[in-house]
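Visitor: My questions all concern the structure below.
The values are calculated or read from the model by the stated rules, or taken from the named source; none is laboratory data. Quick caveat, the model's predicted, so the values are computed rather than measured. When we count neighbours, we look across all protein chains shown, and the Cβ atoms used for this are built from the backbone with ideal geometry, even at glycine. When the accessible area is computed, the model is the full protein with side chains, heavy atoms only, and any ligands, DNA or RNA have been set aside. Shrake-Rupley method; radii C 1.70, N 1.55, O 1.52, S 1.80 Å.
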Amino acid sequence: MNLRQATSKGIGDHRSYGMAVISFLTRYYIQFLLILSVLILGALNPYFRSPANLQNILLQASFAGIGAAGMTLLIVSGAFDLSVAGLLGLCGVMICQLLPSLGTVLTILITLFLGVLLGLLNGLVVTKLRIPAFIATLGMMNIYLALAFIWTQGSRVISVSVPGFDTLGTGMFGALPVPFLVMILTYLVCYGILNGSIYGRCLRAVGSSEIAARTAGLPVDLIRILAFAIVGGCTALAGVFLTAELSSASAIMATGYELTVIAVVVIGGTSLKGGEGTLSGSFTGALFFAVISTALNILNVGAYWQYVVTGVFLISALGVQALRTYVLGAE
Amino acid sequence: MATGQASGGSPEPLLSLTGISKQFPGVKALDSVDFDLFPGEVHALMGENGAGKSTLINIISGLLHPTAGKICLAGHEVAFASSMQAQKAGISTITQEFNLVPQLTVAENIFLGREPTRRIGLMDWREIKRRASEILRELGLNVPLGQRVSYLSVGDRQLVEIAKALSLQFRIITMDEPTAALNATEVARLFAIIEKLKQRRVAVLYVSHRLGEIFRIADRVTVLRDGKRVDTRPVEGLTENDVVTMMLGRALKKEALIYQASPAAGKVALSIKSLSVPGFLSDISFDLRVGEVMGCAGLIGSGRYELTRTLFGLLRASGGTVEINGQILRVATPGDAIRRGIYMLPEERKVEGILPDLTVRENLLISAKRLFHRLSELLIDAKEEQNQYERMRKSLDIRASSSSQRITKLSGGNQQKVMLGRALTSESRILLLNEPTRGVDVGTRVEIHAAIRKLAEQGYTVIVSSTDIPELVSVSDRCLVLSRGRMNGLLDRTQINEDNITALGNRPADYGRQPMSNFRRLPSVRTIFELSHATRLVQVAGSLGVFVLLVIVVVGASILAPGFFTYTNLTNTLITASITAVTGLGMTFAIAMGGFDLSVGSIQVLTAIVAAGLLSIVDPALAILGALLTGLAIGLLNGILISKLRLPAFVVTFGMMSVVRGVALLVTQGQSVMITKHIEFGLLNNGKIFGLPVPFLIMIAVFILLSLLLKHTPFGRHTCAIGGNRSAAVASGINIDRVTISVFGLVGVTAAISGVMLASQLMIVDATLGVGFELQAITVSVLGGTSLSGGHGNLVGTVFAALLLATIASALNILKVIPFYQYLALGVLLIFALAIDTARRAFIAKSLLSRA
């Protein structure tokens, strides 16, 4: 009786060869960009080619990358978490405080637990108080930052040096840095969750159409809260390794983290609308960002360009997504 | 060509459709339909569900294009590319979802998009009042022009919509089920107005299910059936039976499923006693037996739509009980209902049924039983799922090229089968099917009906809730008929036929009690309708509350913090508040439009740097200009990216936040910029006029300017319209892109003003300033009473909130509380303000539902 039922499409895929090409390009552009940038930079700059540098890229990629794994899942469910920078800072600070007395293993466990707890808190604020996610988490970010500040009585940097812990950041497993290995594991787990579990399907359902998910009987609030908890956990994990690498922590150690992580996810191809996401895209995106920032460093371009570049990449990635949606229509 | 002539009409039809066909994949909605409208006639369009009425209206109003045929308007052939074009041609469509902006007044709504203005660009209220009064007087609508539309009843709102159409001098007005939510008085008033429209030679196309009304108001009636025009006859001389015969006809009966009695129904599966839902249902009682199909009939506003939703946990009942197998059923969510064995097929598949990004298999299995009974089984067993899918596919004959296909690629009929399969995989024995064959082709329709009967045979308990009366006749063992929220009849098999159902559905409930008035569908999520006096107070309380809070905090600070109430401190507090307030006012504007700007902090710092830097080269006036232009440019860029590229506001401004701050860092290379020349620039901060600090006066100036802009210019009204009801704004011809870009440009300018003020205050700036400023700006807007849902902006509240925030910060400073606790306070305050905003909206929505 209305327009809605009228526009259901029939069976059939891309309407033309051109469409298929555009679809392919816009879906895999980040992989192209990564390969392209590595090849070009490697050709131009000998230092870039060196194993030391490549390993460093993998290391740098893992911090944002681990966080991006969780964030991908959250964005698939249709929400965002802007508080991760504060969350990470808070976790880092806690690690430094606890490490001397509690030892490596226990500290890490407690930190992860804190991350999950703070994630749950974020989730509760968003679902139970019904505040839009990005603005609620913006407020929570302030709260976490403030707590970290108070704990460190200013943006005082705390150093920590416990032998076992340090190797987490600087150690190698074969040719790969330990954090990178953990990143691979994290992505495998998250992939399993997103594509191989019922929960992953629930995430996609909620992101695709919250109303329909609710009518299908799914516990939407619970699904959302858990997704926030996952982000909290991933962020805490990233915090562990970042603190280990820096051998120190401060409240503002992760300034701009939320921007980088969201930019990584968006540039990786996950749509902001929710409903579908690509973890391999986020993985590649994290690598790409690390390549770019390393390149900026090597080329002696100031560190300040990072901000500009990240922002521009984010907006460009959004543009590509918009292009994909517009050109391909409602496919 | 149509037969019959309108009463007193000219021989030339105003609108003439010839051979109109509309083909959708799998469905031919219209087949070579001829239709015409004469000026000054009321032409009724009737037909059962799926007959093609809506398609025809959509084609006339420009929403759809015919696949064949010709449309002529006043003798000229036309082809409408959009609904806007049809409107410009003089065709207005009034639907269930009104094209009104609830937050705007009656007068503003009538003239939305074409407001008369005085010379400076301000709204010409006198002219608006004059013309609006004239129109309303004609319509007999005596509602104050300055009344917000959200305070009007549905009936009044409809009349405002008609007033709008009249003022635009539409020649053709289409009304789709206009009396669905009106009481008897309002219906009478509507008909009087339609008479007036006739006198003005306006053609009215009137679509309704209600035979009684057609005979009261229409001159001619056209009946559609299965997409074809059956006949067009003058109403005079017709009987109700004639019309019903035309609507149903013999052709349909051939394709309809012949009812076959199933084995005698078993014990009671569901027992409903005195179920009441405020505003929708009253005192519903019936028993549902195992193995029976209970039909549920009723027009819009009868409660039919709400009954199954209440049983499924989507609506809360206020009275009565539902018992399942003798135990009381308490469902708060659909999950609860599924656990107790009840499943609902939603009425609007596209909106709340399918999960568009998921595959066919996933859509089918999303409610599968193990999800609700065995949480431990969380991993997908692909093979088992495929088997389940196959079984369902075979038994329902779902046509899909593979189970991994996206559900959106299936035809409507197959999608509906998937939905049915979803219900079955949940293994619920009680099924609530809403409009099970809506948007489904004829062949599939019969298959689905057969499936329903088969389910009954297998011992399922089914409610089929539908406005498709032949469908109910085909499948129901018994049939419940609702009208105006009450049960008007419970027919057994021998009594079930189209006539009985239609008659009972049309007549108001005559159970000897007062019929309930003001029935309406669930309000759409976007707009908030009726409010009682109490909730009106809640709205006002928004800004008043902040003021009260401010007074309390100021008093408290004066008492608890020695040194607060000194001239110096008050001045400083005022200055800090002013800097925040200026950007807050801009942000309020953006929120009123339904948008956000997270980059204002970065804009502030960059413009401060620009101002400081320029001061070493040029004089203050130029430096300030340079800063303002910078802010404007960034704001416009935000606006362009958001509107032209259709990117979400918060992410774009989020990215811009980073870019701009990066630029600030680059420009300063991390160094501070000190203002050494033109030190008189500092007067901007330190100067006083009439004892008041200059920043405060700047803030007042911005406040006055923005207030004028928001409330007294078309630009401001359009901003609110976009935030309040975007589609109404579009329909009124407002250029959304232009307004969006302008508003963001405005926000950029206000951020720049704050930047200049900051530079003047500190006299030495660097790129690390202003972090968290956007948070402050948003907080003061929301705290001041501007709702995130958009449509209005509380500028006064923003100012009070900024004063409040500055006061708290000042007091905490004096009390030597560590600054970081202030960050904490800010974060908590924001969450608090947002939670209150949410609570307020929920309260308003709730009070609307309980008003009946």
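Visitor: Under a crude label model (7 Å from the Cα following the beta-carbon direction), how far is residue A:44 from residue B:395 in nanometres?
Guide: 6.3 nm
Visitor: On to the next question. At 7 Å along the Cα-to-beta-carbon direction for both residue A:303 and residue B:619, put a label point, then send me their distance in nm to one decimal.
Guide: Simple spin-label model gives 4.2 nm for this pair.
Visitor: Between 0 and 90 degrees, rounded to the nearest ten: what's the tilt of helix B:795-814 against the longest Cα principal axis of chain B?
Guide: Value to nearest ten degrees: 50.
Visitor: What quantity of accessible surface, computed with a 1.4 Å probe and excluding non-protein components, is buried in total between chains A and B, in Å² to the nearest 100?
Guide: 6600 Å²
Visitor: In sequence order, what are the phi-derived ³J(HN,Hα) couplings for segment B:747-759 according to the Karplus relation 6.51 cos²θ - 1.76 cosθ + 1.60 with θ = phi - 60°, rounded to whole Hz, with x for glycine and proline?
Guide: With coefficients 6.51, -1.76 and 1.60, one gets 4, x, 5, 5, 5, 5, 4, 4, x, 4, 4, 5, 4 Hz.
Visitor: Would you work out which of B:443, B:388, B:227 lies farthest towards the positive end of the dipole of the protein assembly as shown, given +1 charges on the beta-carbon of Lys and Arg and -1 on that of Asp and Glu, about the Cα centre?
Guide: B:227
Visitor: Report the calculated FRET efficiency for residue B:339 and residue B:405 (r = Cβ-Cβ distance, R0 = 30 Å), to the nearest 0.05.
Guide: Taking R0 as 30 Å, the efficiency between residue B:339 and residue B:405 is 0.50.
Visitor: Using a 1.4 Å probe on the protein heavy atoms only, what accessible surface does residue A:266 show? Give it in Å² to the nearest 10.
Guide: Result for residue A:266: roughly 0 Å² accessible.
Visitor: Report D for segment A:76-165 in µm² per second (integer): Stokes-Einstein, Kirkwood Rh on Cα pairs, 25 °C, 0.890 mPa s. Before the final figure, lay out each step's value.
Guide: Values: Rh = 14.0 Å.
Here the translational diffusion coefficient equals 176 µm²/s.
Visitor: Here's another thing I want to ask about it. Only loop residues by DSSP count here, and only those with at most 15 other Cβ atoms within 10 Å; note down the trypsin sites (Lys or Arg not before Pro) in segment A:150-214 that meet that.
Guide: When the trypsin sites (Lys or Arg not before Pro) of segment A:150-214 are filtered for loop state and at most 15 Cβ neighbours within 10 Å, A:156 remain.
Visitor: Sticking with this structure for a sec: I'd like the carbon and sulfur percentage of the solvent accessible area for the protein assembly as shown, probe radius 1.4 Å, heavy atoms only, ligands and nucleic acids excluded.
Guide: On the protein assembly as shown, the fraction of accessible area on carbon and sulfur atoms equals 62 percent.
Visitor: Still on this structure, please answer the following. Using a 1.4 angstrom probe on the protein heavy atoms only, could you order B:792, B:65 from most to least accessible area?
Guide: Ranked list, largest accessible area first: B:65, B:792.
Visitor: Next question. I want to verify the translational diffusion coefficient of segment B:359-464 in µm²/s; compute it with Stokes-Einstein, Rh as the Kirkwood radius over Cα pairs, at 37 °C and 0.692 mPa s.
Guide: Estimated via Stokes-Einstein, D reaches 231 µm²/s.
Visitor: Let me ask something additional. For segment B:431-505, what log10 I(q)/I(0) values come out of the Debye formula at q = 0.19 1/Å, with one point per alpha carbon and no solvent?
Guide: Debye intensities relative to I(0), on a log10 scale: -0.80.
Visitor: If you wrap a convex hull around the alpha carbons of segment B:600-641, what volume per residue comes out, as a whole number of Å³?
Guide: Each residue corresponds to 51 Å³ of Cα convex hull volume.
Visitor: Then there is this: Can you list residues whose amide H is under 5 Å from residue B:482's amide H, if they're 5+ apart or on another chain and H is modeled 1.01 Å from N?
Guide: Distant-sequence amide H within range of residue B:482: B:297, B:298, B:488.
Visitor: Along the principal axes of its C-alpha atoms, what lengths does the protein assembly as shown span, in descending order and rounded to whole Å?
Guide: Cα spread of the protein assembly as shown along its principal axes, largest to smallest: 93, 73, 60 Å.
Visitor: Place +1 on the Cβ of every Lys and Arg and -1 on the Cβ of every Asp and Glu in the protein assembly as shown, take the dipole about the Cα centre, and give the residue among B:480, A:308, B:239 whose Cα lies farthest towards its positive end.
Guide: Towards the positive end, the residue furthest out is B:239.
Visitor: While we're here: Once both axes come from the Cα atoms, what is the angle between helix B:240-255 and the longest principal axis of chain B, in degrees from 0 to 90, rounded to 10?
Guide: Roughly 80 degrees, rounded to the nearest 10.
Visitor: If you take every DSSP beta bridge fully contained in the protein assembly as shown, what fraction is antiparallel? Give it as a percent rounded to 5.
Guide: Values: 51 of 85 bridges.
Taking every DSSP beta bridge within the protein assembly as shown, about 60 percent pair in antiparallel fashion.
Visitor: Let me check the size of segment B:25-102 from its C-alpha atoms; what are the radius of gyration and Dmax in Å?
Guide: Rg and Dmax of segment B:25-102, Cα atoms, are 13.3, 40 Å.
Visitor: Let me ask something else about it. Using the alpha carbons of chain B, what is the convex hull volume per residue in cubic angstrom, as a whole number?
Guide: 203 Å³
Visitor: Heavy-atom accessible area per residue, the protein assembly as shown, 1.4 Å probe: how many Å²?
Guide: So the protein assembly as shown comes to 39 Å² accessible per residue, rounded to a whole number.
Visitor: Using modelled amide H (1.01 Å from N, peptide plane; none on Pro or chain starts), what sits under 5 Å from the amide H of residue B:766, excluding residues fewer than 5 places away?
Guide: Residues meeting the amide H criterion: B:673.
Visitor: Kirkwood Rh over alpha-carbon pairs of segment B:59-153, then Stokes-Einstein at 25 °C and 0.890 mPa s: what D in µm² s⁻¹, rounded to an integer?
Guide: In µm²/s, the coefficient rounds to 156.
Visitor: I'd like the residues of segment B:661-687 whose 1.4 Å-probe accessible area shrinks by no less than 20 Å² going from the isolated chain to the full set of protein chains.
Guide: Hits at the 20 Å² cut-off: B:662, B:665, B:666, B:669.
Visitor: Quick one: angle between helix B:567-592 and the longest Cα principal axis of chain B, in degrees between 0 and 90, rounded to 10, please.
Guide: Result, in degrees: 30.
Visitor: List every residue whose amide H lies under 5 Å from the amide H of residue B:117, counting only residues 5 or more places away in sequence or on a different chain, with H placed 1.01 Å from N in the peptide plane.
Guide: Sorted by chain and number, the residues that satisfy this are B:124.
Visitor: With charges set only on the Cβ (+1 for Lys and Arg, -1 for Asp and Glu), what does the dipole of chain B come to about its Cα centre, in debye to the nearest 20?
Guide: Using only the charged Cβ atoms, the result is roughly 360 debye.
Visitor: For an R0 of 51 angstrom, estimate the FRET efficiency from the Cβ-Cβ distance between residue B:241 and residue B:130 and round to the nearest 0.05.
Guide: According to the calculation, E is roughly 0.55.
Visitor: Charges at C-beta only: +1 for Lys and Arg, -1 for Asp and Glu. How large is the resulting dipole of the protein assembly as shown about its Cα centre, in Debye rounded to 20?
Guide: Working: 99 positive and 74 negative charges, 192 e Å.
The calculation lands at about 920 debye.
Visitor: List the relative contact order of chain A as a percent without decimals, with contacts defined as Cα pairs under 8 Å and 6+ residues apart.
Guide: The value is 34 percent.
Visitor: Subtracting the Cα-Cα distance from 0.36 nm times the residue separation, let me have the gained length for residue B:137 to residue B:196 in nm, one decimal.
Guide: Answer, rounded to one decimal: 20.1 nm.
Visitor: Contact order normalised by length for chain B, with contacts defined as Cα pairs under 8 Å and 6 or more residues apart; what percent is it?
Guide: 14 percent
Visitor: What does the extension gain come out to for residue B:572 and residue B:273, with contour length at 0.36 nm per residue minus their alpha carbon separation?
Guide: Here the answer is 101.0 nm.
Visitor: With unit charges on the beta carbons (Lys and Arg positive, Asp and Glu negative) and the dipole taken about the Cα centre of chain A, which residue among A:174, A:158, A:256 sits farthest to the positive side?
Guide: Positive-end residue among those listed: A:256.
Visitor: Distance from a point 7 Å along Cα→Cβ of residue B:499 to each backbone N in segment B:224-247: keep the residues under 13 Å and list them by number.
Guide: What the label zone holds, given the 13 Å backbone N cut-off, is B:240-245.
Visitor: Kyte-Doolittle mean at least 0.5 and Cα extent at least 30 Å along the axis: which DSSP H helices of chain A qualify?
Guide: TM-like helix candidates: A:17-44, A:51-76, A:104-128, A:220-246, A:305-328.
Visitor: Now for a different question. Can you give the Rg to Rh ratio of chain A, both from alpha-carbon atoms, with Rh computed by the Kirkwood formula?
Guide: With Rh from the inverse mean 1/r over Cα pairs, Rg/Rh is 0.99.
Visitor: Starting from the residue with the highest accessible area, list A:107, B:838 in decreasing order, probe 1.4 Å.
Guide: Correct descending sequence by accessible area is B:838, A:107.
Visitor: Using 10 Å bins from zero, what percent of all Cα-Cα pairs in segment A:156-272 falls into each bin?
Guide: 12, 33, 31, 17, 7, 0
Visitor: A further question on this structure: Can you compute the charge dipole magnitude of chain A about its Cα centre, using +1 on each Lys and Arg Cβ and -1 on each Asp and Glu Cβ, nothing else charged? Give it in debye, rounded to the nearest 20.
Guide: My answer is approximately 660 debye.
Visitor: Another question, if that's okay. Heavy atoms only, 1.4 Å probe, whole protein assembly: order B:486, B:200, B:137, B:220 by accessible area, highest first.
Guide: From most accessible down to least: B:137, B:200, B:486, B:220.
Visitor: As a test question: what accessible area, to the nearest 10 Å², does residue A:245 have when a 1.4 Å probe is rolled over all protein chains in place?
Guide: In the full protein context, residue A:245 sits at about 50 Å².
Visitor: How much length would be gained if the chain were fully extended between residue A:173 and residue A:102, taking 0.36 nm per residue of separation minus their Cα-Cα distance, in nm to one decimal?
Guide: The span from residue A:173 to residue A:102 would gain 23.0 nm if fully extended.
Visitor: Another question about this same structure. Quote the accessible area belonging to residue B:84 in square angstrom, nearest 10, computed with a 1.4 Å probe and with ligands, DNA and RNA left uncounted.
Guide: Result for residue B:84: roughly 50 Å² accessible.
Visitor: Related question: Label points 7 Å out from Cα along the Cβ direction at residue B:330 and residue A:26: separation in nm?
Guide: 5.0 nm
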